[in-house]
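The values are calculated or read from the model by the stated rules, or taken from the named source; none is laboratory data. Everything quoted here is computed from the prediction, not taken from an experiment. Please note: Cβ atoms are built from the backbone with ideal geometry, for glycine as well, and neighbour counts cover all protein chains shown.
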Amino acid sequence: MASEFAIIEQYFSDVGKAAENTLLGVGDDAAVVDLPAGQQLVVAMDTLIEGTHFPQNTSPADIAYKSLAVNLSDLAAMGAKPAWFLMSLTLDNDDPQWLSRFAEGLKETSNEYGLQLIGGDTCRGKLAISIQIAGHLPNGQFVTRQGANPGDIILVSGVLGNAALGLAQQQGNLELTPALRSHCVLALNRPRPRLELGPFLRQFASSAIDISDGLVGDLKHILKASACGARISLESLPVNQWIEQHGAWEYALGAGDDYEICCTLPAGLCGEVDNWNNANPDCRLTPIGEITESGYYLQDGDDMINLDQRQGYRHFA
């Protein structure tokens, strides 16, 4: 197996365009960066493990994309602009073809979202990718899970459940039409971090979170942090036609991997939501309920389903 230094030099020494505030990047004991004046640093970290976060037959380029996208989604929920990232790559072998395809996917994604790899580590073991990402935003304008208030409207971006359908298709648990299959597998392997929402969230949102472990569980994090309750409507959930026709709502409610944004806004800002949707049809915000004083319920027609005991995906359940 090639040395970790040779792997870094050959595949990862030039990932992403050099950021103007990077003073020292890949190749030393640590990176050195400056923070733009009047900005605060926002940092997140996620690990993706083969067989847990992506199927074993996932292409190296898709693994690279998703490894960055899930971290970018965390920055999006905070309203931050991405700048740099560090990566720890664990490999069971040094297959040049796999490494080349992974590195190309990483470079493509880095360039697409405007961030630079400035350091990291490689070691031998079961395939896993850990990324620590950093971004920035104007002082004091970060958005958190804490801040929702009774009366706020609850919104989600995009469409829910497509990634879960894509995973179910790949696992052989259902059979989708070719067109829908392609769309849903793409949603699973290449989720779109909603970075374009950053300015809107900073200006209007009272709270926000990215949906990685399922809507019901992730919204619950907002409710806990904000000491509030919620009521959401099943018929308001933005889902594809297949989920609606088959009543397969669990793919949207609890399956996860959507990486859409769930946020809350004061009710008086509905006009701002309309303005956003008119200008951004590819990142539409859909109202799905409201923040309440207490309790957590899903309205399904005349039925009110208690969600208090529902949890999102947990690694150590």
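Taking the condition of being in a strand (DSSP E or B) and among the aliphatic types (A, V, I, L, M), how many residues in the range 253-276 meet it? Reasoning before the result, please.
Initial filter on the range 253-276 (in a strand (DSSP E or B)): 260-265.
Okay, now just the ones that are also among the aliphatic types (A, V, I, L, M), so 261, 265.
Of the residues in the range 253-276, 2 are in a strand (DSSP E or B) and among the aliphatic types (A, V, I, L, M).
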Mind checking whether some residue in the range 96-104 is surrounded by fewer than 17 Cβ atoms within 10 Å (Cβ to Cβ), of a type in the set (S, T, N, Q) and either out of contact with any helix residue (DSSP H, G or I) (no Cβ under 8 Å at 6 or more places or on another chain) or outside the structural domain of Leu68 (by TED's automatic domain parsing) (or both)?
yes
Tally the residues that are among the small types (Gly, Ala, Ser), surrounded by 12 or more Cβ atoms within 10 Å (Cβ to Cβ) and in a helix (DSSP H, G or I), restricting the search to the range 277-303.
0
Being polar (S, T, N, Q), over 30 Å from Ala225 (Cβ atoms) and surrounded by fewer than 16 Cβ atoms within 10 Å (Cβ to Cβ) is true for just one of Gln171, Gln146. Which residue is that?
Gln171
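Which is buried (at least 22 other Cβ atoms within 10 Å of the Cβ) and modelled with pLDDT under 95, of Ala134, Ala179? Step through it out loud before you land on a result.
Values: Ala179 fails: buried (at least 22 other Cβ atoms within 10 Å of the Cβ).
Criteria check complete, one pass: Ala134.
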Among the residues of the range 151-202, which ones are of a type in the set (D, E, K, R) and within 19 Å of the chain's Cα centre (by Cα)?
Arg190, Arg192, Arg194, Glu196, Arg202
Positions within the range 218-255 being among the polar types (S, T, N, Q), under 19 Å from His183 (Cα atoms) and out of contact with any His (no Cβ under 9 Å at 6 or more places or on another chain), in sequence order
Gln241, Gln245
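If you check Ser233, Ser207, Ser212, which single one turns out to be in contact (Cβ under 8 Å) with a residue 24 or more places away in the chain and surrounded by fewer than 18 Cβ atoms within 10 Å (Cβ to Cβ)? Even if it seems obvious, please write down each step before you answer.
Working: Ser207 fails: surrounded by fewer than 18 Cβ atoms within 10 Å (Cβ to Cβ); Ser212 fails: surrounded by fewer than 18 Cβ atoms within 10 Å (Cβ to Cβ).
Testing whether each residue is in contact (Cβ under 8 Å) with a residue 24 or more places away in the chain and surrounded by fewer than 18 Cβ atoms within 10 Å (Cβ to Cβ) leaves just Ser233.
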